[in-house]
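The values are calculated or read from the model by the stated rules, or taken from the named source; none is laboratory data. Nothing here was measured: the structure is a model prediction, and the numbers come from that model. Positions of Cβ are generated from backbone atoms using ideal geometry, with glycine treated the same way; all protein chains shown enter the neighbour counts. Heavy atoms of the whole protein, side chains included, go into the accessibility calculation; ligands, DNA and RNA do not. Shrake-Rupley method; radii C 1.70, N 1.55, O 1.52, S 1.80 Å.
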Amino acid sequence: MKVATFRFAGERHVGVVDDAGLTIAPFDLTQDEAEQGITALIGRSLPGQRSPIPLDRVTLEAPIPRPRRNIFCVGKNYFDHAHEFAKSGFDSSAANGAVPKEPIIFSKVPETVIADAMPIHIDPAVSAAIDYEAELAVIIGTGGRGISRESALDHVWGYTIVNDVTARDLQGRYSQWLIGKSQDTFCPMGPFAVTRDDLDLATTGIRCFVNGELRQDSNTGLLIFDVPTIIATISAGVTLQPGDVIATGTPAGVGIGFQPPKYLKDGDVVRVEIDGIGALQNGVHEVQA
Ligand code: MG
């Protein structure tokens, strides 16, 4: 099942996208429920559906427009990216080796989330080195603490796409990555989410294009720490909650991996594709402080 959060006739809705990707059928939710985005579907039987609406008549929002707390993220979680980042000079964790022995977990504040087609803001007064990161994101369904690897996927509701936009200079300046990862608009998400059974973690292609140029081209089967390991790692002492979002890391081909680096600039268009989920596309706009 493919779902989206969207606006239609001035109100937020959550609905199911048909197989052809032409219509979306809103769930029968109260307005308060719909305000939560797809979190409103978690932990309950599916509500009834209303008549489908042509997809081109709605405005898609992020599946979870405002997560209830920070988005968990995994750093350096594909071998080829771990090496390109460690060599870049911006990796404040490089002293521990290019490939981490345990997952690197950081977070982005919830206010970073923006929808498909919304602009990523770059502020030259704050950063001169803004980069894209195509990532598969996990949406937690059943919360828990001390979740085992073996049962971890039972706690997954589904998956979506995020672009873990990063200010590399800020990431390198501070040993904690939060500031460089949490700039306003730095978490494009969506436009669709799929339920757990609709995605094969071993074989799913993930790509990123900038202005039509293929920059990242990988497969979620190449994660260093797989989704069960990530869930087991975070939930060891941190109770995961329904609706938590975990971005699983990005493959090689980010801007910092090129010589010279290819940072995002005003007017660029970044497109992240994950097979079976869809494409998340955002323009880049320079703003003044
Ligand atoms: Mg990332």
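Of note:
- Test for residue 256: is it in contact with a Leu (Cβ under 9 Å, 6 or more places away or on another chain) and within 16 Å of the ligand (Cβ to nearest atom): no
- Among the candidates 120, 161, 147, residue that is within 16 Å of the ligand (Cβ to nearest atom) and touching a Ser or Thr at 6+ places or on another chain (Cβ under 7 Å): 120
- Being farther than 19 Å from residue 280 by Cβ, within 16 Å of the ligand (Cβ to nearest atom) and of a type in the set (A, V, I, L, M) is a property that holds for residue 86.
- Search result, residues across region 245-289 that are among the charged types (D, E, K, R), closer than 16 Å to residue 120 by Cβ and out of contact with any Asp or Glu (no Cβ under 6 Å at 6 or more places or on another chain): 262, 265, 268, 271
- Some residue of region 270-284 being open to solvent by 60 Å² or more (accessible area, probe 1.4 Å), over 28 Å from residue 98 (Cα atoms) and of a type outside the set (Phe, Trp, Tyr): yes
- Members of region 93-111 that are touching a residue at least 12 places away in the same chain (Cβ under 8 Å) and either open to solvent by 50 Å² or more (accessible area, probe 1.4 Å) or within 14 Å of the ligand (Cβ to nearest atom) (or both): 93, 100, 102, 103, 104, 105, 106, 107, 108, 111
- The condition of being over 18 Å from residue 198 (Cβ atoms) and in a helix (DSSP H, G or I) does not hold for residue 250.
- If you go through region 192-225 and keep only what is among the β-branched types (Val, Ile, Thr) and either in a helix (DSSP H, G or I) or open to solvent by 50 Å² or more (accessible area, probe 1.4 Å) (or both), you end up with 203, 220.
- Among all residues of region 179-190, there is at least one that is outside any loop (DSSP other than H, G, I, E, B), within 15 Å of the chain's Cα centre (by Cα) and of a type in the set (D, E, K, R).
- Being assigned by TED's automatic domain parsing to the domain that holds residue 279, crowded, with 21+ Cβ neighbours inside 10 Å and of a type in the set (A, V, I, L, M) is a description that applies to residue 114.
- Per-region count, region 4-16, residues under 16 Å from residue 139 (Cβ atoms) and open to solvent by less than 10 Å² (accessible area, probe 1.4 Å): 3
- Any hit, region 28-49, residues being open to solvent by 30 Å² or more (accessible area, probe 1.4 Å), on the phi < 0 side of the Ramachandran plot and in contact with a helix residue (DSSP H, G or I) (Cβ under 8 Å, 6 or more places away or on another chain): yes
- Exactly one residue among 249, 243 is within 16 Å of the ligand (Cβ to nearest atom), on the phi > 0 side of the Ramachandran plot and not assigned by TED's automatic domain parsing to the domain that holds residue 17, and that residue is 249.
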